[in-house]
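As structure tokens, the structure follows; a few thoughts come after it.
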Amino acid sequence: MYYLYEYNRNIYNLMIKRILSNKITKQLFKGKAIIIFGPRQVGKTTLLKDLFYSKKDILWINADNIEDRELFESPSATRLKAVIGNNNMVIIDEAQRIKDIGIKLKLITDEIQEIQLIATGSSSFELANKINEPLTGRKTEHLLYPISFSEMTEHSNLLTEIKMLNHRLIYGCYPEVVAKPSNEKEILQELTNSYLYKDILEWNKIKKSDRIIKLLQALAFQVGSQVSYHELGQTVGLNSETVESYINLLEQSFVIFTLTSFSRNLRNELKKSHKIYFYDNGVRNTLISNFNPVSLRNDTGALWENYLISERIKYCSYNNIYSNKYFWRTHARQEIDYIEERDGYFYAYEFKWGKNKKAKLPKAFKSAYPNVVFNVISPENHEAFIHKF
């Protein structure tokens, strides 16, 4: 009648506790549905199985399974109550696959109020758009990322994870990659070929799958640089509007994310410019088929920047640090790699891989925006930027 997951608690060969576990536990049975977004294969199901492995009275539904989806065809409150039975928790995995899922989640939340409803989704362009209006005020959302520096540090220790820095720059932190350190290339190839774009490629408006791969490869080569949708379109054979649409879908499938340029006071600040980063370095390197060690690469600066910003995104999300995020550059090529704006202050960061490289806050920025705190992040001090002590 429904798909029951077989669960091996040693799925990672090391159960790394996810930061979201405590947050989710505190929100149970508070009258709201809990929605967990995140890329495929990032550990959403494993997190929930780890939390509820020993508990009974849970109905697990896998929406990737057609038989499970059929349970939600034209459901009524009476039918849903019969399906749920005596269970006090319902977990729906890959909920974006269910038609009109928002209305159906609302029906469960409204009509069966003693039930804790949890749904996961790997595509916010499918799931979020379907649930935002029906579940307004009735849901709590979380985003689960590839394993963070903080999670790895808590699992092992700070010194061990610092020693793994070069490895993380190349292979990233997807759970299975971390669990099987001798098979990283094979795991990442399977991930990028079979799972990462599954929801995009199955979406009925996406027909040119080869163009998406070419677009991602072009973006991978431009990490840390400003991107032009027009130039990207010329490279992959698409018009600018289609490129922008595909980039939006890739963002909402948690493959990439965008930083926009900061501009407010100065005439020569770049406006409406973008930089695009990958949520995981391993995915980026797989797309360009380059797993060379850091010492043999000419893109180490880009790897370092991508790693730090993606880890900072995780850190801010998990620690409820809310800010606007930008990069800054002028036509005179003064620049700042990364800026967070919050509580009336600007926190500006330059990322330097080399030990002897120095950087200063551009005078133009300091003059225009005096409420600024500036730091240079290098391998010697990066842990304070991405880990809460």
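Please treat every number below as a calculation from the coordinates, not as lab data. Just so it is clear, the model here is predicted, and its values are computed rather than measured. For neighbour counting, all protein chains shown are included, and Cβ atoms are generated from backbone atoms with ideal geometry for every residue, glycine included.
Output ³J(HN,Hα) for segment 291-296: one whole-Hz value per residue in order, computed from phi by the Karplus curve 6.51 cos²θ - 1.76 cosθ + 1.60 with θ = phi - 60°, and x for Gly and Pro.
Using θ = phi - 60°, the values come out as 10, 4, x, 3, 5, 10 Hz.
Number of Lys pairs in segment 253-389 with C-alpha atoms less than 17 angstrom apart, excluding same-chain neighbours closer than eight positions?
On the way: Lys271/Lys325; Lys272/Lys325; Lys275/Lys325; Lys314/Lys325; Lys314/Lys388; Lys352/Lys360.
Value for segment 253-389: 6.
Can you tell which of Ser156, Tyr195, Asn381 lies farthest toward the positive end of the dipole of the chain, using +1 and -1 charges on the Cβ of basic and acidic side chains (Lys, Arg; Asp, Glu)?
Asn381
Just tell me which aspartates and glutamates come within less than 18 Å, Cα to Cα, of Lys17; anything on the same chain fewer than 8 places away is out.
Reachable aspartates and glutamates: Asp50, Glu151, Glu154, Glu161, Glu176, Glu311.
How big is segment 149-386 by the Kirkwood estimate over distinct Cα pairs, in Å?
So the Kirkwood estimate lands at 18.9 Å.
Got the relative contact order for the chain handy, in percent, Cα pairs under 8 Å and 6 or more residues apart? Let's see the in-between values first.
On the way: 603 pairs, mean separation 57.7, N = 389.
Across the chain, relative contact order equals 15 percent.
For segment 92-99, in order, what is each residue's ³J(HN,Hα) by Karplus, 6.51 cos²θ - 1.76 cosθ + 1.60 with θ = phi - 60°, in whole Hz (x at glycine and Pro)?
10, 8, 6, 5, 5, 7, 8, 4
Any of Lys49/Lys163; Lys23/Lys49; Lys26/Lys139; Lys55/Lys99; Lys56/Lys81 with alpha carbons more than 19 Å apart? Name them for me.
Lys49/Lys163; Lys55/Lys99
From the square roots a ≥ b ≥ c of the eigenvalues of the alpha-carbon gyration tensor of segment 20-143, which class results: rounded (a/c under 1.5), prolate (a/b over b/c), or oblate?
Here segment 20-143 falls in the rounded category.
For segment 218-321, which trypsin sites (Lys or Arg not before Pro) are in a loop by DSSP, counting at most 13 other Cβ atoms within 10 Å?
Numbers: sites: Arg264, Arg267, Lys271, Lys272, Lys275, Arg284, Arg297, Arg312, Lys314; in loops: Arg264, Arg267, Lys271, Lys272, Arg297.
Passing both the DSSP loop test and the Cβ count: Arg264, Arg267, Lys271, Lys272.
As a footprinting exposure proxy, order Ile58, Ile336, Ile101 by other Cβ within 10 Å, with the fewest listed first.
The most exposed by this proxy come first: Ile58, Ile336, Ile101.
By counting other Cβ atoms within 10 Å of each Cβ, how are Met89, Met15 ranked from fewest to most? Before the final figure, lay out the partial values.
On the way: Met89 19, Met15 13.
The fewest-first ordering by Cβ neighbours comes to Met15, Met89.
Is there a quick way to get the dipole size of segment 91-190? I mean about its Cα centre, with the Cβ of Lys and Arg at +1 and of Asp and Glu at -1; what is the value in debye to the nearest 20? Write down the numbers at each step before the final one.
Numbers: 11 positive and 16 negative charges, 33 e Å.
So the dipole magnitude of segment 91-190 works out to roughly 160 debye.
Just from its helices, what would the mean residue ellipticity at 222 nm be for the chain, if runs of 4 or more DSSP H residues each count -39500 (n - 2.57) and the sum is divided by every residue, rounded to the nearest 500 deg cm²/dmol?
That calculation yields -11000 deg cm²/dmol at 222 nm.
Which percent, nearest 5, of DSSP beta bridges in segment 277-389 are antiparallel? List each step's numbers first, then the result.
On the way: 10 of 16 bridges.
Once the DSSP bridges in segment 277-389 are tallied, antiparallel ones form about 60 percent.
Dipole magnitude of segment 230-299 about its Cα centre, charges +1 at Lys/Arg Cβ and -1 at Asp/Glu Cβ only, in debye to the nearest 20?
That gives a dipole near 320 debye.
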